[in-house]
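Reading through the structure tokens given below for one structure.
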Amino acid sequence: MSTPELLKEIIDNIERVIIGKRTSVEMAMVALLSEGHILIEDVPGIGKTTMCKAIARSIGCSFHRIQLTPDVLPSDVTGLYFFNQRTSDFEFRPGPVFANLVLADEINRATPRTQSALLECMEERQVTVDGETRPLVRPFLVIATQNPVELEGTFPLPEAQLDRFLLKIELGYPDEAAETAMVIRFQDGSPLEELQPVATTEQLLGLQQEARRIHLESSIRGYAVQLARATRVHPAIQLGASPRATLALCRAAQSRALLEGRSFVVPDDVKSLAIPVLAHRLILDPQARIRGHKAPTILQEILQTVPVPVD
């Protein structure tokens with residue numbers, strides 16, 4: 001099976017459960033191919049958790065869910081050593097991060113100490129407990145969800161944590177036709193229970209390597225750099241995109257090109273990903289926030305001012 005056919009089959013399989021959200025599913029695939037993490041921010045009942053489970057089942061990978069609350073400890077995430085009375089020795093009990101796909105549900109309900117336990121996992125793909133470092137399995141992907149409406153009892157994600165997410169997406173409410181189709185499809189039971197893998201983790205690792213080999217022409221690379229640098233000098237932005245964000249934008253553009261069946265990146269790949277990759281990393285000036293400015297709107301202005309390579 002060719003790469004475009006395999007990618008289409010994975011997306012179609014996920015859409016058996018997630019109906020009418022192809023753009024969001026494709027964004028999730030971009031993150032998978034880039035081995036980057038996803039932050040999903042939306043209201044309850046939209047299908048955030050269901051999409052995570054559908055992705056895990058479609059690629060046949062191990063899946064763990066962490067329901068984060070203020071009383072969850074870092075050791076509940078990473079694992080801990082316990083004394084085994086039978087062997088009279090300390091043994092390591094792995095936490096839920098030791099899986100291919102980890103769903104951190106309602107991440108903003110965890111305390112900052114617990115949130116920080118995910119930093120090393122997300123960036124370095126490893127866990128350090130009691131001075132001993134253990135590598136995580138590959139591929140490794142964290143999908144975190146948060147509810148933008150309920151703010152009581154939550155802890156805003158720090159900038160360092162937000163910068164670890166490759167992109168941020170929203171699912172939104174389905175249109176009338178999609179919601180009707182969803183009701184019909186779910187009335188006899190959940191299609192998630194019958195979902196079968198259409199790819200393996202080995203195939204996904206191969207796709208990730210293939211995405212890294214997608215050609216990124218120097219002018220388009222420069223275009224991504226200019227977009228990131230423009231956020232650092234914009235008067236409405238207090239803290240612009242980091243160099244990590246520039247790398248993420250280039251890597252995501254390569255993955256989107258592979259998803260589109262191309263062996264090279266075009267400017268539209270960068271433009272379509274600029275807001276999902278960069279918006280959540282920006283900190284606006286307090287006066288800009290008071291005036292109601294939003295990061296996506298400012299990025300739209302930047303996209304209109306930075307010249308697009310036409311070579």
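The values are calculated or read from the model by the stated rules, or taken from the named source; none is laboratory data. Note that the structure is predicted; figures quoted are calculated from it, not measured. With ideal geometry, Cβ positions are generated from the backbone for all residues, glycine too; neighbour counts draw on all protein chains shown.
When region 14-24 is filtered for residues that are crowded, with 20+ Cβ neighbours inside 10 Å and part of a helix (DSSP H, G or I), the ones remaining, listed by number, are ILE14, SER24.
Tell me whether region 40-51 contains one or more residues that are surrounded by 19 or more Cβ atoms within 10 Å (Cβ to Cβ) and more than 23 Å from MET182 (Cβ to Cβ). No, region 40-51 contains no residue that is surrounded by 19 or more Cβ atoms within 10 Å (Cβ to Cβ) and more than 23 Å from MET182 (Cβ to Cβ). Within region 209-236, no residue that is more than 20 Å from PRO267 (Cβ to Cβ) sits with its Cβ atom under 6 Å from a residue that is among the hydroxyl-bearing types (Ser, Thr, Tyr) and in a helix (DSSP H, G or I) at 6+ positions apart or across chains. Return yes or no: is ALA104 aliphatic (A, V, I, L, M), in contact with a strand residue (DSSP E or B) (Cβ under 9 Å, 6 or more places away or on another chain) and more than 30 Å from THR200 (Cβ to Cβ)? No, not satisfied. Looking at the structure I just gave you, is LEU249 crowded, with 17+ Cβ neighbours inside 10 Å, among the aliphatic types (A, V, I, L, M), touching a residue at least 24 places away in the same chain (Cβ under 8 Å) and not assigned by TED's automatic domain parsing to the domain that holds VAL277? In short, no. Restrict the check to region 80-90 and report whether at least one residue is assigned to a helix (DSSP H, G or I) and modelled with pLDDT under 90. Within region 80-90, none of the residues are assigned to a helix (DSSP H, G or I) and modelled with pLDDT under 90.
Looking at MET29 and the list (1) under 25 Å from GLU159 (Cβ atoms); (2) at pLDDT 90 or above; (3) under 17 Å from the mean Cα position of the chain (by Cα), which single condition is not satisfied? So MET29 meets the others, but not (1).
Check region 289-308 and report whether any residue there is farther than 20 Å from GLU35 by Cβ, acidic (Asp, Glu) and in a helix (DSSP H, G or I).
Going residue by residue through region 289-308, those that are farther than 20 Å from GLU35 by Cβ are 289-308.
Keeping just the survivors that are acidic (Asp, Glu) gives 301.
The next check asks that each one be in a helix (DSSP H, G or I); those that pass are 301.
Taking every residue of region 289-308 in turn, at least one turns out to be farther than 20 Å from GLU35 by Cβ, acidic (Asp, Glu) and in a helix (DSSP H, G or I).
For region 56-77, the tally of residues that are at pLDDT below 90 and either outside the structural domain of PRO139 (by TED's automatic domain parsing) or of a type in the set (Lys, Arg) (or both) stands at 0. If the condition is being among the β-branched types (Val, Ile, Thr) and surrounded by 14 or more Cβ atoms within 10 Å (Cβ to Cβ), then region 70-93 contributes VAL72, VAL77, THR78. Within the option set GLN196, GLN238, GLN187, being of a type in the set (S, T, N, Q) and surrounded by 13 or more Cβ atoms within 10 Å (Cβ to Cβ) holds for one residue only, GLN238.
Residue-wise test of (1) among the small types (Gly, Ala, Ser); (2) more than 26 Å from ALA211 (Cβ to Cβ); (3) in contact with a Phe, Trp or Tyr (Cβ under 6 Å, 6 or more places away or on another chain).
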| position | (1), (2), (3) |
| --- | --- |
| ARG16 | no, no, no |
| ALA31 | yes, no, no |
| GLY45 | yes, yes, no |
| PRO70 | no, yes, no |
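Listed here are the strands (runs of 3 or more DSSP E) enclosed by region 105-170 that have at least 3 residues being within 29 Å of PHE82 (Cβ to Cβ) and either outside the structural domain of HIS280 (by TED's automatic domain parsing) or under 13 Å from the mean Cα position of the chain (by Cα) (or both): 126-129, 132-135, 141-146. Of the set (1) in contact with a strand residue (DSSP E or B) (Cβ under 9 Å, 6 or more places away or on another chain); (2) closer than 25 Å to ALA245 by Cα; (3) surrounded by fewer than 13 Cβ atoms within 10 Å (Cβ to Cβ), all apply to GLU132 but (2).
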